[in-house]
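Student: Right, I'll just put the structure down here and ask away after.
The values are calculated or read from the model by the stated rules, or taken from the named source; none is laboratory data. What you see is a predicted model; the values in this text were computed from it and never measured. Glycine also receives a Cβ, built like all others from the backbone with ideal geometry; neighbour counts cover every protein chain displayed. Accessible surface is based on the protein model in full, side chains and every heavy atom, while ligands, DNA and RNA are left aside. Shrake-Rupley method; radii C 1.70, N 1.55, O 1.52, S 1.80 Å.
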Amino acid sequence: MRDFISIKDFTKGDILEILSVVKKLEQKNETELLKNKIVGSLFFEPSTRTRLSFTSAAYRLGARVLGFDSPDATSLKKGESLRDTIKMTEAYSDVIVMRHNRDGAARFAADIAKVPVINAGDGANEHPSQTLLDLYTIQKEFGNIENKKIAFVGDLKYGRTVHSLTKALQMFNCEFYFVAPKIIQIPEYITRELDEKGIKYHLIEDYKDILNEIDVMYMTRIQKERFESLDDYEKVSGVYIIDKENIVGKCKETMIILHPLPRVDEIKIDLDDTKHARYFEQAANGVPTREAIFAVALDKIKIENHKSVEHDIKTSNTVICGNEKCITKFEETENKYVVKGKHVYCYYCNKDIKK
């Protein structure tokens, strides 16, 4: 059995194997692959596409689903800890799908649970299942993922989909254009990784000059709920809005537009019927992708045993994560951290720890 917590836990070989499983399940639905299995679906944050596509994937494979889509209807309202919620849910299910508003909550849950845990998004940290369906969409469109030029536009600081996808695309020698105002630009720990690997990237604030260069434009919503300051949100709200007039005829003929959805006003509906729009197909790819995740997590379809990704994990009472939204600030943990070269990261939320 295998957890799906972070893209950094997977090798390039793992990812390609999983995408091959996605293709297989998209072509032939295995209606009894998860017969008699129960999926625990724990959504502590609102979700439409992710929750429904995981549920659809479970049903299509013959599993049953129990859980909740709002913590207000659970014992969390009575003060129950996440730890106890996970311990009880593992007794009722064979696999847990969880979305949580705290960075690092998924890693915390995986350490506790005896059944596989699938991260459906943890705060502003990661969203690995979204990354896999994004990769599958790119692969289907172009035939491969290698050497693509990708522009991420919008909320790159808090955008967990961007963080996960950047980590994955590094493995395929892609070139990045991070398009955002400075206050929501891509985090330094991600650009540091790119520097260490010699991967090309550009920090810019205007996408217009790169439209004829990029293969993928990955739009994101400016996420009001993630901002610590309402003033900061209002400074950047609505800063990037694309429509037919400013895209069609100005970009590469083969460029595609992706978006993890939901959108607000950053993509006008007049783009929906153009040859560049792929965001609805992208969302639909979530079902076979999440079928594959269930199948691999529960060992119903086995992938090759590629060399596992190893992390230098340590425990300390003095090396403390400074991220106030990290799960370590809300639950009793072992206070783990990861050492990578000269830098130290929180084991749970991946943020830099200043020693």
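Student: Would you say Arg278 is touching a strand residue (DSSP E or B) at 6+ places or on another chain (Cβ under 8 Å), modelled with pLDDT of 95 or more and basic (Lys, Arg)?
Tutor: yes
Student: Tally up the residues in region 322-332 that are open to solvent by 80 Å² or more (accessible area, probe 1.4 Å) and among the polar types (S, T, N, Q), please.
Tutor: Adding up the residues that qualify gives 0.
Student: Here is a further query. Name the one entry in Asn212, Asn173 that is in contact with an Asp or Glu (Cβ under 7 Å, 6 or more places away or on another chain) and open to solvent by 50 Å² or more (accessible area, probe 1.4 Å).
Tutor: Asn173
Student: Please enumerate the residues belonging to region 105-136 that are open to solvent by less than 10 Å² (accessible area, probe 1.4 Å), touching a strand residue (DSSP E or B) at 6+ places or on another chain (Cβ under 8 Å), farther than 11 Å from Ser164 by Cα and in a helix (DSSP H, G or I).
Tutor: Result: Ala105, Ala106, Ala109.
Student: Considering region 175-186 alone, what residues qualify as being under 18 Å from the mean Cα position of the chain (by Cα) and either modelled with pLDDT under 90 or farther than 24 Å from Cys349 by Cα (or both)? Even if it seems obvious, please write down each step before you answer.
Tutor: Filtering region 175-186 down to residues under 18 Å from the mean Cα position of the chain (by Cα) leaves 176, 178, 184-186.
Correct list: Ile184 only.
Student: Somewhere in region 280-295, is a residue crowded, with 22+ Cβ neighbours inside 10 Å and among the hydroxyl-bearing types (Ser, Thr, Tyr)?
Tutor: yes
Student: Of all residues being open to solvent by 40 Å² or more (accessible area, probe 1.4 Å) and touching a strand residue (DSSP E or B) at 6+ places or on another chain (Cβ under 7 Å) in region 38-58, which is farthest from Asp103 (Cα to Cα)? Just the residue, please.
Tutor: First pass over region 38-58, keeping only residues open to solvent by 40 Å² or more (accessible area, probe 1.4 Å): 38, 46, 48-49, 51-52.
Among the residues that remain, those that are also touching a strand residue (DSSP E or B) at 6+ places or on another chain (Cβ under 7 Å) are: 38, 51.
Working: Ile38: 26, Arg51: 19 Å.
Per the criteria, the residue is Ile38.
Student: Could you check, for region 301-308, whether at least one of its residues is over 26 Å from Val39 (Cα atoms) and in a strand (DSSP E or B)?
Tutor: no
Student: Here's another thing I want to ask about it. Mind listing whichever residues of region 183-226 are of a type in the set (A, V, I, L, M, F, W, C), under 28 Å from Lys250 (Cα atoms) and either out of contact with any Ser or Thr (no Cβ under 8 Å at 6 or more places or on another chain) or not in a strand (DSSP E or B) (or both)? Can you show your working first?
Tutor: Within region 183-226, the subset of a type in the set (A, V, I, L, M, F, W, C) is 183-184, 186, 190, 194, 199, 203-204, 210-211, 214, 216-217, 219, 222.
So of that shortlist, the ones also under 28 Å from Lys250 (Cα atoms) come out as 183-184, 186, 199, 203-204, 210-211, 214, 216-217, 219, 222.
Within region 183-226, Ile183, Ile184, Ile186, Ile199, Ile204, Ile210, Leu211, Ile214, Val216, Met217, Met219, Ile222 qualify.
Student: Kindly establish whether Leu76 is open to solvent by 30 Å² or more (accessible area, probe 1.4 Å), assigned to a helix (DSSP H, G or I), out of contact with any Asp or Glu (no Cβ under 6 Å at 6 or more places or on another chain) and over 23 Å from His259 (Cα atoms).
Tutor: Numbers: open to solvent by 30 Å² or more (accessible area, probe 1.4 Å): yes; assigned to a helix (DSSP H, G or I): yes; out of contact with any Asp or Glu (no Cβ under 6 Å at 6 or more places or on another chain): yes; over 23 Å from His259 (Cα atoms): yes.
Spelling it out, Leu76 is indeed open to solvent by 30 Å² or more (accessible area, probe 1.4 Å), assigned to a helix (DSSP H, G or I), out of contact with any Asp or Glu (no Cβ under 6 Å at 6 or more places or on another chain) and over 23 Å from His259 (Cα atoms).
Student: Determine whether Glu291 is within 30 Å of Asp94 (Cβ to Cβ), charged (D, E, K, R), in contact (Cβ under 8 Å) with a residue 24 or more places away in the chain and touching a helix residue (DSSP H, G or I) at 6+ places or on another chain (Cβ under 9 Å). It would help to see each step written out before you state the result.
Tutor: Details: within 30 Å of Asp94 (Cβ to Cβ): yes; charged (D, E, K, R): yes; in contact (Cβ under 8 Å) with a residue 24 or more places away in the chain: yes; touching a helix residue (DSSP H, G or I) at 6+ places or on another chain (Cβ under 9 Å): yes.
So Glu291 passes the test.
Student: Name the residue that is surrounded by the fewest Cβ atoms within 10 Å (Cβ to Cβ), counting only residues in region 88-104 that are touching a residue at least 60 places away in the same chain (Cβ under 8 Å) and within 18 Å of Ser56 (Cβ to Cβ).
Tutor: Looking at residues that are touching a residue at least 60 places away in the same chain (Cβ under 8 Å) and within 18 Å of Ser56 (Cβ to Cβ), I get Asp94.
Student: Which ones in region 309-321 are touching a strand residue (DSSP E or B) at 6+ places or on another chain (Cβ under 8 Å), assigned to a loop (DSSP other than H, G, I, E, B) and open to solvent by 30 Å² or more (accessible area, probe 1.4 Å)?
Tutor: So the first thing to find is which residues in region 309-321 are touching a strand residue (DSSP E or B) at 6+ places or on another chain (Cβ under 8 Å), and the list is 311-316, 319, 321.
Next cut, assigned to a loop (DSSP other than H, G, I, E, B) only: 311, 316, 319, 321.
His311, the sole residue that qualifies.
Student: Now for a separate question. Among the residues of region 152-161, is there at least one that is part of a helix (DSSP H, G or I), among the hydroxyl-bearing types (Ser, Thr, Tyr) and either at pLDDT below 95 or under 19 Å from the mean Cα position of the chain (by Cα) (or both)?
Tutor: Within region 152-161, one or more residues are part of a helix (DSSP H, G or I), among the hydroxyl-bearing types (Ser, Thr, Tyr) and either at pLDDT below 95 or under 19 Å from the mean Cα position of the chain (by Cα) (or both).
Student: If you don't mind, there's one more thing I want to ask. Of all residues in region 17-33, count the ones that are open to solvent by 70 Å² or more (accessible area, probe 1.4 Å) and in a helix (DSSP H, G or I). Show your work before the answer.
Tutor: Step one: of region 17-33, the residues open to solvent by 70 Å² or more (accessible area, probe 1.4 Å) are 23-24, 26-28, 31-32.
Subsequent filtering for residues that are in a helix (DSSP H, G or I) retains 23-24, 26-27.
Of the residues in region 17-33, 4 are open to solvent by 70 Å² or more (accessible area, probe 1.4 Å) and in a helix (DSSP H, G or I).
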